[in-house]
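Just below is one structure, and these are the notes that go with it.
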Amino acid sequence: MLRRLADSPSADGASAAARRAVLAKIIREQSVGRQAELVHLLRKRGLAATQSSVSRDLREMGVAKLGDRYVLAEPGLGAASDFSTVKQFVNSRQAAGTNLTVLKTRVGSAQSVAVAIDAAQWPEVIGTISGDDTIFIATAGARDQHKLGERLRAIFGI
C-alpha cells in the first residue's frame, strides 16, 4: 500500500497530526491567507509539507477563510451543522440542469463554504467542486437537487 509522502512521518518524526497542530498554532497567531505561505512557514519549522497536504489539512481541520485570512472554527461548534461562519459569503444559487447546483460566493470564500457543505454530509450531495468564488454541487437527480435547494434556501436565504 502506498502512503502519501506528505502524510507519512518525515525524517524528524513529524506526522500529519503534528503538522496540523503546528498549522493551527500558525493560523491562531498570524494572519495568513495563502497556502503557499503556510507551506513555507511549516518548512521553516522543519515539517514536511506540500500545497496539497496543506490543502487537505485545512479541509480536515475545518479551517475557513474569513476575508483574506484563514481562521480556525470556534471550539465547541460542529463544523458539520454550523454554517454561521460562512453564511455571509454566499451570494446566489442557480440550478444547472437536473444534477448540478451552482453557488456564487464572495471572492476567496468558495472553498470555505464547500468545506462546510461537505462536512454536513447531506445525503443528497454527491460532491462539491470549488473555485475562488464558485461552487458546483452535484446531486443524483432532480429530486435530490430540489431537496438541496430547500436546505440552501433555509441556511443561506437564497
### Message
Among the residues of segment 41-51, what is the count of those that are surrounded by 13 or more Cβ atoms within 10 Å (Cβ to Cβ) and part of a helix (DSSP H, G or I)?
### Response
3
### Summary
Taking segment 18-48 and keeping only residues that are touching a residue at least 12 places away in the same chain (Cβ under 8 Å) and polar (S, T, N, Q), one is left with Ser31, Gln35
### Task
Say whether the condition of being touching a helix residue (DSSP H, G or I) at 6+ places or on another chain (Cβ under 9 Å), in a helix (DSSP H, G or I), surrounded by 15 or more Cβ atoms within 10 Å (Cβ to Cβ) and modelled with pLDDT of 85 or more is met by at least one residue in segment 67-88.
no
### Query
Out of all the residues in segment 110-125, which are over 11 Å from Val63 (Cα atoms) and either in contact with a Ser or Thr (Cβ under 9 Å, 6 or more places away or on another chain) or modelled with pLDDT under 85 (or both)?
Ala110, Ala114, Ile117, Asp118, Ala119, Ala120, Glu124, Val125
### Task
Keeping to segment 99-158, report how many residues are farther than 20 Å from Lys87 by Cβ and among the charged types (D, E, K, R).
2
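The values are calculated or read from the model by the stated rules, or taken from the named source; none is laboratory data. Computed from a predicted structure; not experimentally measured. Because the Cβ atoms are built from the backbone with ideal geometry, glycine has one as well, and the counts that use them run over all protein chains shown.
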